[in-house]
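For reference, the structure discussed in these notes is given below.
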Amino acid sequence: MRLTSDGPHHAVFEFGDLKVVSLRDGYVDMPPARLRDENNRPLDELPDTVPLVDGNLRLSVNAFFITDGTRSLLIDTGASNAWHSTMGSLLDALDEAGIHRADVTDVALTHRHEDHVGGLIAPDGAEAFPALQRIWIGAEDASVFTGRLEPVRDLVVPLTGPVAVNDRVTALPTPGHTDGHTIYDVSSSAGHLLVWGDTVHVPSLQFDQPHASWELDGDQSQARRARLALMERLTKPHHYVAGAHLDFPGVGRVTRNGDDGYSLEYLAPPAP
Ligand SMILES: [Zn+2]
């Protein structure tokens, strides 16, 4: 897997016979106290390797577009104007990447939070993707399709177990961050890419200390177990990760680092 081109809001990776486009929706700042130890208490101190911006952690917000040239899938959609104004660049990112909104027929969501589902509706209130046919989401998270998301509710396909979304992408339930949290295993001639949603929120800390959890993980023990299992799985050859909150463009390889930790090696340098 390798970077072939990029711009301010997108990055294109060649992944064997597939193309993976990372799309930058923006960022969100969160207080460091959201990081939790195994007793659900804020961490006593953060290592110097964890950067802060005005005292906050800055989480990148990314989505990913996977295509074989004919068939495509958009995984997550950013926040649009449903949350902080530091997000909502997904449609610009698609434009920049030369992807037409009308060509997005299938969307797969990792979970129900605003920074993942909000982009189904454009800031003007219209449906963001006029030719959308299906929206995959873990069944336990499907109740989010009310109110602002009501116009697209009929397109929802609830996932209730490992399911092939298409012949290249398999949905795998990974409850913990939310009950319906789902990752997507993308398989190409070059290996596997796990698009793992909110398995990690603070990459500068949680690879080195994968037991460190996040206040907004609905079930922290379950989220921790899922994170450890996925990191271990990613150490296999020809395995790559793409994360919603890894530093944009958010694609890398995972290696073991000592007995308890892991390291993330980005395939493209993180953008500032
Ligand atoms: Zn998120």
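Tally the DSSP beta bridges in segment 1-158 and give the antiparallel ones as a percent, rounded to 5.
Roughly 80 percent of the DSSP beta bridges within segment 1-158 come out antiparallel.
Can you give the % of DSSP beta bridges in segment 81-212 that are antiparallel, to the nearest 5?
Taking every DSSP beta bridge with both residues in segment 81-212, the antiparallel ones total about 65 percent.
Report, in whole Å, the centroid distance computed from the Cα atoms of segment 167-202 and segment 220-272.
12 Å
Place a point 7 Å from the Cα of A122 along the Cα-to-Cβ direction; which residues of segment 149-173 have their backbone N under 18 Å from it?
It comes to 149-153, nothing else.
Picking from T146, T160, T235, which is most flexible by a Gaussian network model of the chain using Cα springs under 10 Å?
Largest GNM mean-square fluctuation: T146.
In terms of modelled amide H atoms, which long-range or inter-chain residues lie less than 5 Å from the amide H of I121?
Long-range HN contacts for I121: A128.
Which residues' amide hydrogens lie under 5 Å from the amide hydrogen of V251, considering only partners 5 or more residues apart or on another chain, with H built in the peptide plane?
Under 5 Å from the amide H of V251: L267, A268.
Pairs of alpha-carbon atoms within less than 8 angstrom and 6+ residues apart define the contacts here; what relative contact order does the chain have, in percent?
This gives 18 percent for the chain.
Place a label point 7 angstrom from the Cα of R153 along the Cα-to-Cβ direction, then list the residues of segment 112-142 whose backbone nitrogen is under 14 Å away.
Only 142 fall inside the zone, counting backbone N under 14 Å.
Probe radius 1.4 Å, ligands and nucleic acids ignored: give me the carbon and sulfur share of the accessible area of the chain as a rounded percent.
On the chain, the fraction of accessible area on carbon and sulfur atoms equals 46 percent.
Protein chains only, probe 1.4 Å: how do D259, D219, D106 rank by accessible area, largest first?
Largest accessible area first, the list is D259, D219, D106.
In Å, what is the Rg of the alpha-carbon atoms in the chain, and how long is Dmax?
So, for the chain, Rg and Dmax equal 17.2, 50 Å respectively.
Output ³J(HN,Hα) for segment 208-218: one whole-Hz value per residue in order, computed from phi by the Karplus curve 6.51 cos²θ - 1.76 cosθ + 1.60 with θ = phi - 60°, and x for Gly and Pro.
Coupling constants for segment 208-218: 5, 10, x, 6, 5, 10, 10, 3, 8, 5, x Hz.
How large is the Rg to Rh ratio of segment 5-58 when both quantities use alpha carbon positions and Rh follows Kirkwood?
That ratio equals 1.18.
Only Cα pairs within less than 10 Å get springs; with that Gaussian network setup on the chain, which residue of A102, A122, A244 has the largest fluctuation?
Most flexible of the set in this elastic network: A102.
For segment 1-158, taking Cα atoms only, what is the radius of gyration to one decimal and the Dmax to the nearest whole Å?
Considering segment 1-158 through its Cα atoms, Rg and Dmax are 17.0, 50 Å.
The values are calculated or read from the model by the stated rules, or taken from the named source; none is laboratory data. Keep in mind it's a predicted model, so treat the numbers as computed, not measured. Cβ coordinates were reconstructed from backbone atoms using ideal geometry, including for glycine residues, and neighbour counts include every protein chain displayed. Keep in mind that these areas ignore ligands, DNA and RNA; they rest on the heavy atoms of the full protein, side chains included. Shrake-Rupley method; radii C 1.70, N 1.55, O 1.52, S 1.80 Å.
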